[in-house]
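Worksheet for the structure shown next.
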Amino acid sequence: MSSIPKNLQAVTASIVAAAAEAGRAADTVRLLAVSKTFGPQAVQQAVAAGQRAFGENYLQEGVDKIGALKALGAPALEWHFIGPIQSNKTRPIAEHFDWVHTVERIKIAQRLSEQRPAGLAPLQICLQVNISGEASKSGVAPHELAALAHDVAALPNLALRGLMAIPEPADQFDQQRAAFARLRALYDQLRADGLALDTLSMGMSSDLRAAIVEGATIVRVGSAIFGARTYER
């Protein structure tokens, strides 16, 4: 067995263990395999091992990879865009992806709504929240989230599903949990305000356990599945 199937098994076991620790069913947590910088062949190995949802950060790379997997005869896959979004890049995102996790401005949401092809299902949206208040991080400020969420929920061709965050890195489990708990509290408030949300996209290779304990429904894992990345950008 190659390393990618073995790694997928290990990550899945970690998800099952963390869900059990939280008193949750393992199937309430979905694994998003972050395939950025890895080629179609690596994705094919993950597909052969049963993985169906993949996350891409770089638009052109992602679009090319989606096309390559189709050409290789892959089964229907679910593609999530999880990178920063520039206004002039919204059309190919709207045309090629099933989910977008990184909406932080109403202008971006409006463009995605307008540019989503009529023949496709609504684009599934998560709002990115700057939960740690870092100047270098993308995301809507927590105090501006409610207004943005209600505005996005009203747009056609989009389905607002929930929230996403990349907290400031922390080594201690309790610190990791605290950041995810803040996102969960915002999510709960929006649900109490009448928004039909069901998704908390939070947790990566290094803090997956804390995220699941605090309620993550999607965890975004890359290096633990595909290995260390080599960036050429």
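The values are calculated or read from the model by the stated rules, or taken from the named source; none is laboratory data. None of these values were measured; they are calculated from a predicted model. Glycine also receives a Cβ, built like all others from the backbone with ideal geometry; neighbour counts cover every protein chain displayed. Areas reflect the complete protein model, heavy atoms only, side chains present, ligands, DNA and RNA absent. Shrake-Rupley method; radii C 1.70, N 1.55, O 1.52, S 1.80 Å.
For Leu123, are the conditions met, namely being in contact (Cβ under 8 Å) with a residue 40 or more places away in the chain and out of contact with any Asp or Glu (no Cβ under 7 Å at 6 or more places or on another chain)?
On the way: in contact (Cβ under 8 Å) with a residue 40 or more places away in the chain: no; out of contact with any Asp or Glu (no Cβ under 7 Å at 6 or more places or on another chain): yes.
It is false that Leu123 is in contact (Cβ under 8 Å) with a residue 40 or more places away in the chain and out of contact with any Asp or Glu (no Cβ under 7 Å at 6 or more places or on another chain).
If you take the residues in the range 212-223 that are modelled with pLDDT of 95 or more and more than 13 Å from the chain's Cα centre (by Cα), which one is nearest to Asn7 (Cα to Cα)?
If we take residues in the range 212-223 being modelled with pLDDT of 95 or more and more than 13 Å from the chain's Cα centre (by Cα), then Ile212 is nearest to Asn7 (Cα to Cα).
Which residue out of Ala53, Ala49, Ala20 is within 22 Å of Ile166 (Cβ to Cβ) and either surrounded by fewer than 21 Cβ atoms within 10 Å (Cβ to Cβ) or at pLDDT 95 or above (or both)?
Ala53
For the range 21-48, how many residues are of a type in the set (A, V, I, L, M), touching a residue at least 60 places away in the same chain (Cβ under 8 Å) and in a loop (DSSP other than H, G, I, E, B)?
So the first thing to find is which residues in the range 21-48 are of a type in the set (A, V, I, L, M), and the list is 22, 25-26, 29, 31-34, 42-43, 46-48.
Checking which are touching a residue at least 60 places away in the same chain (Cβ under 8 Å) leaves us with 22, 29, 31-34, 42, 46.
Next, from what is left, pick out any that are in a loop (DSSP other than H, G, I, E, B): 22, 29.
Counting residues in the range 21-48 that are of a type in the set (A, V, I, L, M), touching a residue at least 60 places away in the same chain (Cβ under 8 Å) and in a loop (DSSP other than H, G, I, E, B) gives 2.
Identify, from the list Asp193, Asp174, the residue that is more than 18 Å from the chain's Cα centre (by Cα), over 30 Å from Glu114 (Cα atoms) and modelled with pLDDT of 95 or more.
Exactly one of Asp193, Asp174 is more than 18 Å from the chain's Cα centre (by Cα), over 30 Å from Glu114 (Cα atoms) and modelled with pLDDT of 95 or more, namely Asp174.
Go through the range 160-202 and give me each residue that's in a helix (DSSP H, G or I), acidic (Asp, Glu) and closer than 24 Å to Ile125 by Cβ. Outline the logic, then answer.
Pass one, the range 160-202, residues in a helix (DSSP H, G or I): 173-192.
Checking the rest, the ones that are also acidic (Asp, Glu) come to 174, 188.
Matches in the range 160-202: Asp188 only.
So if I check each of Ala135, Ala121, which one is assigned to a loop (DSSP other than H, G, I, E, B), open to solvent by 80 Å² or more (accessible area, probe 1.4 Å) and among the aliphatic types (A, V, I, L, M)?
The conditions single out Ala135.
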